Amino acid sequence: MVTPEVRTFGPRVTEGSADAGTVAWTRAQLAAFLGPRLDPDVLARVGAAFEGNRLRGAYADPDPTPVATLRSWDARLTVPGGDVPADAITGIGVRSTHRRRGLTDRLLTEDLGAAARAGAAAAVLTSTQGALYERWGFGLATHTRRFTVDTARARFRDAGPRGTLEIVERPDAALALTRPLHDRARRRHPGALERLASQWDQVLVGAGPWNGLEPDRQRQVVLWRDDDGHPAGYVVVRVEESWFATGSGTLGVVDLQALTPTAYTELWRHLCSQDLVGTVTWTDASVDEPLPWLLTDPRAVVAGETKPMLWLRVLDVPALLGARRYPTEDALVLEVVDPLGHARGRWRLDTHDRLAPAVTTVTGEPDVVLEAPTLGSVVLGGVDPRVLVRANRLEERSAGAAARLARMLAAPSVPWNGTRF
């Protein structure tokens with residue numbers, strides 16, 4: 001059996017269409033995820049949307065189509081008090097005829113190594129099977145929760161409305177207005193990432209690889225401006241269920257970003273006061289949405305179970321820990337166990353300088369011992385290290401060290417990434 005060769009390349013795009021190699025890669029990636037069989041010209045346009053990305057494939061010559069795929073790109077990841085360069089990973093798939101041959105390991109190990117050499121502080125991915133990636137050092141760092149609102153019961157506590165609302169029809173105008181708002185809003189949420197142009201097409205227009213870049217004609221973008229006319233929030237919503245059969249339709253929130261509490265309130269007031277709408281849902285909301293507290297009867301909002309969202313792999317411990325800010329002044333030694341070597345070592349985290357925390361290698365005894373996936377879970381502040389002690393995922397070598405680490409890593413807001421990729 002011939003061992004497939006791993007190749008890495010970037011799409012070459014001419015007049016909106018990608019080259020033959022990218023088309024073959026795109027066809028393989030869609031097939032691995034049980035996606036549609038698209039015509040070659042559509043595949044060429046879909047592949048063009050990957051311009052600027054890194055495409056990795058495992059090729060069993062002479063077949064020009066890879067038997068395994070991985071796609072990644074350079075992103076900015078929000079951490080408490082700042083952001084860091086990150087390697088965003090998606091499109092990990094293996095042809096059904098070539099499973100159990102170590103192809104995912106080869107592609108992912110190579111990608112992580114290249115990202116570390118290029119200066120990425122972390123790698124991130126979202127996956128419905130994210131637990132599979134713990135073996136490569138990824139730890140679950142953020143969750144989302146589904147919220148369902150009964151609009152007939154939704155009565156807001158404060159008087160309103162305030163500001164003005166605007167439906168933005170043109171995609172280019174919507175992008176120009178929403179992109180800067182998202183960039184400001186995401187810096188408040190550890191775990192949030194900046195978006196690629198192709199991701200904005202998916203959010204605002206609904207055009208993605210899974211539908212051949214066809215627009216979603218049930219989608220609408222609404223902007224909120226304050227009394228001075230300044231944009232301060234937006235919501236992207238789509239019709240999930242028509243009102244025609246029952247007289248009561250369902251709206252689904254695709255994306256909602258607000259810079260102020262007033263913007264958040266008015267966007268939700270708009271969603272809950274529309275004619276012919278009985279239910280509003282948000283599948284990937286933050287686990288701490290304040291919406292129930294805006295209403296006279298919080299029972300109008302039903303919160304569903306939490307779901308895993310962002311998985312984080314630490315690649316550069318000093319860069320990642322040194323980029324975030326800490327609410328307490330302390331110093332601890334962390335021993336990180338990492339078979340791949342990226343985060344391995346004993347690291348002294350000193351937060352006495354609030355503006356420039358120090359992370360240095362040491363040889364003394366550690367205060368805590370943890371594996372790379374556990375570090376990925378706690379670094380954004382969304383998981384309490386004391387809980388992981390009880391789960392035998394973190395070893396406390398000095399008395400009270402887990403509690404001290406919990407106080408050091410506490411984040412100003414619950415980590416949240418609302419964009420799957």
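The values are calculated or read from the model by the stated rules, or taken from the named source; none is laboratory data. Note that the structure is a prediction, hence the values are computed from the model and not measured. Cβ coordinates were reconstructed from backbone atoms using ideal geometry, including for glycine residues, and neighbour counts include every protein chain displayed. Surface areas here come from the heavy atoms of the whole protein model, side chains and all, with no ligands, DNA or RNA. Shrake-Rupley method; radii C 1.70, N 1.55, O 1.52, S 1.80 Å.
Any residue in region 110-121 that's of a type in the set (A, V, I, L, M, F, W, C): show its pairings with residues that are open to solvent by less than 30 Å² (accessible area, probe 1.4 Å) and in a helix (DSSP H, G or I) at Cβ separation under 6 Å, as long as the two are six or more apart or on different chains. Short answer, once both residue conditions are applied: A121/L320.
Suppose the filter is hydrophobic (A, V, I, L, M, F, W, C), surrounded by fewer than 16 Cβ atoms within 10 Å (Cβ to Cβ) and either on the phi < 0 side of the Ramachandran plot or touching a residue at least 12 places away in the same chain (Cβ under 8 Å) (or both); does A399 pass it? For A399, the condition - hydrophobic (A, V, I, L, M, F, W, C), surrounded by fewer than 16 Cβ atoms within 10 Å (Cβ to Cβ) and either on the phi < 0 side of the Ramachandran plot or touching a residue at least 12 places away in the same chain (Cβ under 8 Å) (or both) - is met.
With respect to the conditions (1) over 30 Å from L38 (Cα atoms); (2) under 22 Å from the mean Cα position of the chain (by Cα), V253 lacks only one, and its number is (1).
Could you check region 76-100 and list, in sequence order, the residues that are part of a loop (DSSP other than H, G, I, E, B) and buried (at least 17 other Cβ atoms within 10 Å of the Cβ)? Across region 76-100, the qualifying residues are P80, G81, R95. Scanning region 23-52 for residues that are touching a Lys or Arg at 6+ places or on another chain (Cβ under 7 Å) and open to solvent by less than 10 Å² (accessible area, probe 1.4 Å) returns L43, F50. When the strands (runs of 3 or more DSSP E) confined to region 216-325 are screened for residues that are open to solvent by 60 Å² or more (accessible area, probe 1.4 Å), those reaching at least 1 such residues are found at 219-225, 231-241, 301-308.
Residues in region 349-376 that are in a loop (DSSP other than H, G, I, E, B) and either in contact with an Asp or Glu (Cβ under 7 Å, 6 or more places away or on another chain) or surrounded by fewer than 16 Cβ atoms within 10 Å (Cβ to Cβ) (or both): T351, H352, D353, R354, L355, A356, P357, V362, T363, G364, E365, P366. Remark: A406 matches the filter, which requires a residue to be closer than 30 Å to Q257 by Cβ, among the hydrophobic types (A, V, I, L, M, F, W, C), open to solvent by 10 Å² or more (accessible area, probe 1.4 Å) and without any contact (Cβ under 8 Å) to a residue 40 or more places away in the chain. Candidates in region 340-360 are the residues that are in contact with a Phe, Trp or Tyr (Cβ under 9 Å, 6 or more places away or on another chain) and without any contact (Cβ under 8 Å) to a residue 40 or more places away in the chain; of these, the one that is farthest from W136 (Cα to Cα) is R354. Count of region 326-348 residues, restricted to those that are aliphatic (A, V, I, L, M), under 21 Å from V124 (Cβ atoms) and surrounded by 19 or more Cβ atoms within 10 Å (Cβ to Cβ), is 3.
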